[in-house]
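Read the structure below first, then the notes.
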Amino acid sequence: MGESIDPESADASPPDLHSLVDQARRRFWLHARAGLLAEITDFDLGTTFAALAQRHRHTDIRILIDDDLVLKEQMPALVTSIKRLTTAVSVRRLRPAEESPEMVIAIADHTSWLKLTRVGSKRVLRGAIDDRGGATRLAQDFEANWMLSEEASELRRVLV
C-alpha cells in the first residue's frame, strides 16, 4: 500500500487492500474517506470489484464514503465500474464528525478485515485474514453507519 505503518500498533503482517478484495468471495464492504482511499489505492479498484462481482451472482459490494464528489473527481475509473456494476455495488454517503480521524475500513466476507487510520502524518494499519470476531465487530459498526447514511447523490447523477 505504500504507507508507513506504526509497528507497535499494527497486527502482525496485516493484509493490504488489494489482497483483501482479491481473497473476498461474496461480500466486500468498504467504509472510507474518499481522499485517503484515493491516496492508498495503487491498483484499479474498479476492475478488482468487477472480478469479485463475476465470482458469484449474489455479490454484495457496499461502499460507504464521506464525499461522493471527491470520489468522482479522484477515482473516475472506480466510478465508471460502479456505473457498470449497478446490481453488485451499492454506494452511500455518510459525513464523519469533524474531529474523527481519517480511516479506511474494509471487511471481506465474514472473516477478513483491515483498518487504516491516519491522524496527521501518522498512519496505522491493522488487519487480519482469518479473524471472524474482528470482522463481525467491524461489520456491525458498518451496518449501523449504513443505516444512518444517505444515497450518494453525486454518483446517482452519474448512474442515471
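Quick notes
- Strands (runs of 3 or more DSSP E) wholly inside the stretch 26-139 that include at least 2 residues being more than 11 Å from the chain's Cα centre (by Cα) and either surrounded by 15 or more Cβ atoms within 10 Å (Cβ to Cβ) or modelled with pLDDT of 95 or more (or both): 89-93, 112-119, 122-128
- Residues being touching an Asp or Glu at 6+ places or on another chain (Cβ under 7 Å) and open to solvent by less than 30 Å² (accessible area, probe 1.4 Å) - total across the stretch 12-25: 1
- Among the residues making up the stretch 81-96, those that are polar (S, T, N, Q) and under 15 Å from residue 153 (Cα atoms) are 86, 90.
The values are calculated or read from the model by the stated rules, or taken from the named source; none is laboratory data. Given the structure is predicted, the values throughout are model-derived calculations rather than measurements. Ideal geometry is used to build each Cβ from the backbone, glycine not excepted, and the neighbour counts take in all protein chains shown. The accessibility values were calculated without ligands, DNA or RNA, using every heavy atom of the protein model including side chains. Shrake-Rupley method; radii C 1.70, N 1.55, O 1.52, S 1.80 Å.
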